[in-house]
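Here is the structure we will look at.
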Amino acid sequence: MEEENQAMKLYSHPMSSCSRRVRLALYLKGLKYECITITAVGDPELLKVNPMGYVPALVDGTTVVSDSYAILLYLEEKYPQHALLPQDIIKKSINYQAASIVSSSIQPLQNTTLVHYIGELVSPDEKLPWAQNHIRKGFVALEKLLANHAGKYATGDEIYLADLYLTFQLDNAINRFKLDMTEFPLLLKLYKVYCQTPSIQQIFAESSQQQIDKSLFNFTKPQEA
């Protein structure tokens, strides 16, 4: 009982897409938590719970979970309210696939650390094309994957796992990496719906509020998981 009464802690950065998808899941499930904002690479407090030094990391009582995919599946198992996965096995598989495309084939290749490395290794002028190229490849796959399954959201009329991954990846692609979305009408339509969804608006608003602290603007984002 004592463990159940302890508020969860989420180690996060406001502009981390990986952190924001977990924060959206916590919001949808109505779970209270303390958000601990990480503002420095190698933060000692973060390293105590995740020796890799990545955000996000979740502390739930005596349980520590890092990596956003693992955190989301943990939350789904322990806190089933507002299911993140549909019951239909086909739609469930589409959610797994969409989440995997973002987490494995897009996000790592446009991660801030890697993009900066490309700039140093090749040329600063290659940073944006590198990120755009790998985002585009993933979006081609996602546009085809979701074509026969999308409703209001990615796989129907409820927000599921795929939407948690797509929302912030689309936001990065459009606003940070200036990707031309002309060839992705379905993904662009979904993004417009996401931007009008109250729960998602709340996460965007919290991220903007946290950035009022000017010290965050000079933060070199840690690796995300």
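The values are calculated or read from the model by the stated rules, or taken from the named source; none is laboratory data. Please read all numbers here as calculations on a predicted model, not as lab measurements. Cβ placement follows ideal geometry from the backbone for every residue including glycine, while neighbour counts extend to all protein chains displayed. What goes into the accessible areas is simple: the full protein's heavy atoms, side chains included, and nothing from ligands, DNA or RNA. Shrake-Rupley method; radii C 1.70, N 1.55, O 1.52, S 1.80 Å.
I want to confirm something. Restricting to the stretch 76-88 and keeping residues that are open to solvent by 60 Å² or more (accessible area, probe 1.4 Å) and in contact (Cβ under 8 Å) with a residue 40 or more places away in the chain, which single residue is nearest to Met15 (Cα to Cα)? Restricting to residues being open to solvent by 60 Å² or more (accessible area, probe 1.4 Å) and in contact (Cβ under 8 Å) with a residue 40 or more places away in the chain, the top hit is His82.
Restricting attention to the stretch 94-102, does a residue exist that is hydroxyl-bearing (Ser, Thr, Tyr), open to solvent by 80 Å² or more (accessible area, probe 1.4 Å) and either over 23 Å from Tyr27 (Cβ atoms) or in a helix (DSSP H, G or I) (or both)? Looking through the stretch 94-102, at least one residue is hydroxyl-bearing (Ser, Thr, Tyr), open to solvent by 80 Å² or more (accessible area, probe 1.4 Å) and either over 23 Å from Tyr27 (Cβ atoms) or in a helix (DSSP H, G or I) (or both).
A quick yes/no check of all residues on (1) farther than 16 Å from Leu73 by Cα; (2) free of Cβ contacts under 8 Å to residues at least 24 places away in the same chain:
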residue: Pro14; (1), (2): yes, no
residue: Ser17; (1), (2): yes, no
residue: Arg21; (1), (2): no, no
residue: Leu26; (1), (2): no, no
residue: Thr37; (1), (2): yes, no
residue: Ala40; (1), (2): yes, no
residue: Glu45; (1), (2): yes, no
residue: Pro51; (1), (2): yes, yes
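I'm checking my understanding of the structure. Among residues of the stretch 156-186 that are closer than 21 Å to Leu72 by Cβ and aromatic (Phe, Trp, Tyr), which one is surrounded by the most Cβ atoms within 10 Å (Cβ to Cβ)? Here the residue is Tyr165.
So in the stretch 22-75, with the set limited to residues that are in contact with a Pro (Cβ under 7 Å, 6 or more places away or on another chain) and outside any strand (DSSP E or B), which one is surrounded by the most Cβ atoms within 10 Å (Cβ to Cβ)? Among those that are in contact with a Pro (Cβ under 7 Å, 6 or more places away or on another chain) and outside any strand (DSSP E or B), it is Ser68.
Among the residues of the stretch 187-196, those identified as over 12 Å from Lys152 (Cβ atoms) and surrounded by fewer than 18 Cβ atoms within 10 Å (Cβ to Cβ) are Leu188, Cys195. Of the candidates Gln107, Gln132, the single residue that is of a type in the set (S, T, N, Q) and touching a Phe, Trp or Tyr at 6+ places or on another chain (Cβ under 7 Å) is Gln132.
For the stretch 78-93, filtered to residues that are assigned to a loop (DSSP other than H, G, I, E, B) and hydrophobic (A, V, I, L, M, F, W, C), the residue that is farthest from Leu166 (Cα to Cα) is Ala83. Looking only at residues in the stretch 103-140 that are among the aliphatic types (A, V, I, L, M) and exposed (fewer than 15 other Cβ atoms within 10 Å of the Cβ), which one is modelled with the highest pLDDT? Filtering first and then ranking leaves Val140. Here the stretch 197-215 is the region considered, the condition is being under 16 Å from Arg20 (Cα atoms) and either among the β-branched types (Val, Ile, Thr) or open to solvent by less than 20 Å² (accessible area, probe 1.4 Å) (or both), and the residue that is modelled with the lowest pLDDT is Ser207.
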